[in-house]
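Here is the structure we will look at.
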Amino acid sequence: MSATWVIAVVGPALVAIMAIAILRRTALAERISDRPNARSLHSTPTPRLGGLGMAVAVLPVAMACADSLTGTLLVCAAALVLVSFADDLRSLPILVRLSAHFAAAAVAVWTIAPAIPVALAALAVIAIVWCANLYNFMDGADGLAGGMTAIGFGALAWAAHGAGAESLALVCGAIACAAAGFLVFNFPPARVFMGDAGSVPLGFLAGAFGLYGWSIAAWPAWFAAVVFAPFIADATVTIARRALRRERIWEAHRSHYYQRLVLSGWSPRRLALSAWALMLACALAAAVALRAGEMVQCAIILGLLVAFAIAFVAIDVRLARGRVSNNNNSHRMP
């Protein structure tokens with residue numbers, strides 16, 4: 001392993017640990033603590049400073065390793081860190097947040113693929129904005145977003161390195177290792193949450209790097225989607241269900257499948273470990289498919305879709321049975 005890789009792997013993890021440890025002891029920790037409410041899964045006030053600590057750890061190393069295009073994407077991510085940190089501090093209007101997300105996504109698509117047709121560019125922008133927001137939606141349980149970041153960006157780093165895209169590989173590796181440092185504080189029971197300053201830029205980078213890797217033939221278009229499938233599937237199906245029920249999809253809720261597992265009796269630690277196993281399975285499936293023929297790739301992708309559908313139905317049934325059982329018990333009470 002070269003010295004550059006050692007720095008990219010070890011540096012962000014250590015700096016993230018130190019930065020978060022320091023931030024936890026500042027007045028800022030009290031100011032942006034996530035206080036439990038009726039829609040929360042945690043029971044004690046918890047600082048939302050993990051994303052800020054990860055940004056401090058990642059950006060200097062990543063910018064040093066980045067080529068000009070990757071550097072532009074990192075600048076966009078840094079801008080989203082600032083906007084999202086302001087949102088963590090004082091809850092910005094949704095139009096302000098979405099405007100920043102769309103601006104960053106538009107710059108990313110124009111930088112990566114300036115010659116693609118307008119319709120495809122618009123779809124790419126929407127996809128990246130959705131990635132930024134779904135990552136934020138899924139950052140609601142101890143260890144969940146941190147685990148997805150470590151495993152997901154680790155898989156992108158592996159694939160980019162194998163394709164000879166060394167700059168992209170180093171940047172993704174730095175992000176994955178910073179997430180590992182964050183997990184020191186975020187493993188259940190979490191002492192720090194990621195916050196919007198972490199989840200939104202990471203979702204943006206997952207989408208933007210997925211597009212960039214495809215544009216330079218580091219991986220097929222489906223690769224990043226399979227790697228991040230646990231987040232994409234849960235968030236997309238949940239929001240679609242809420243939209244069909246005419247609920248306000250932008251409001252906080254507890255209807256994501258990972259939230260419903262906790263409500264049905266799973267502990268946060270069991271959820272985190274099970275989610276990590278699922279994330280690893282998806283990353284390994286993507287790695288196998290990357291080296292396989294088209295028939296095997298189609299079979300793996302179809303198999304994952306069926307597996308998620310079965311899992312979601314099973315969670316729905318489990319929660320429904322729990323409600324019936326609770327109703328029956330309440331009727332038996334004198």
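No value in this document is a laboratory result; all are computed from the given coordinates. Remember, predicted model here, so these are calculated numbers, not experimental data. A quick note on method: Cβ atoms are made from the backbone with ideal geometry, for glycine too, and the neighbour counts reach across all protein chains shown.
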Only listed residue being under 25 Å from G207 (Cα atoms) and in contact with a Leu (Cβ under 6 Å, 6 or more places away or on another chain), chosen from A106, A16, A62: A62
Qualifying residue in the range 19-30 (condition: loosely packed, with under 15 Cβ neighbours inside 10 Å, touching a strand residue (DSSP E or B) at 6+ places or on another chain (Cβ under 8 Å) and closer than 22 Å to N186 by Cβ): yes
Filter pass, L202 being crowded, with 24+ Cβ neighbours inside 10 Å, hydrophobic (A, V, I, L, M, F, W, C), in contact with a helix residue (DSSP H, G or I) (Cβ under 6 Å, 6 or more places away or on another chain) and more than 18 Å from M138 (Cα to Cα): no
Pair list, Cβ < 6 Å and 6+ apart or interchain, from the range 294-312 residues that are within 20 Å of T236 (Cα to Cα) to residues that are of a type outside the set (S, T, N, Q) and surrounded by fewer than 17 Cβ atoms within 10 Å (Cβ to Cβ): none
Selection count, the range 169-189, where residues are in contact with an Asp or Glu (Cβ under 8 Å, 6 or more places away or on another chain) and either crowded, with 24+ Cβ neighbours inside 10 Å or of a type outside the set (A, V, I, L, M, F, W, C) (or both): 3
Candidates S99, S167 - the one that is touching a residue at least 40 places away in the same chain (Cβ under 8 Å) and more than 13 Å from the chain's Cα centre (by Cα): S167
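Pick from A218, A224, A208: which is buried (at least 18 other Cβ atoms within 10 Å of the Cβ), part of a helix (DSSP H, G or I), at negative phi and touching a Phe, Trp or Tyr at 6+ places or on another chain (Cβ under 9 Å)? So that I can check it myself, show each step before the final result.
Details: A218 fails: part of a helix (DSSP H, G or I); A208 fails: touching a Phe, Trp or Tyr at 6+ places or on another chain (Cβ under 9 Å).
It is A224.
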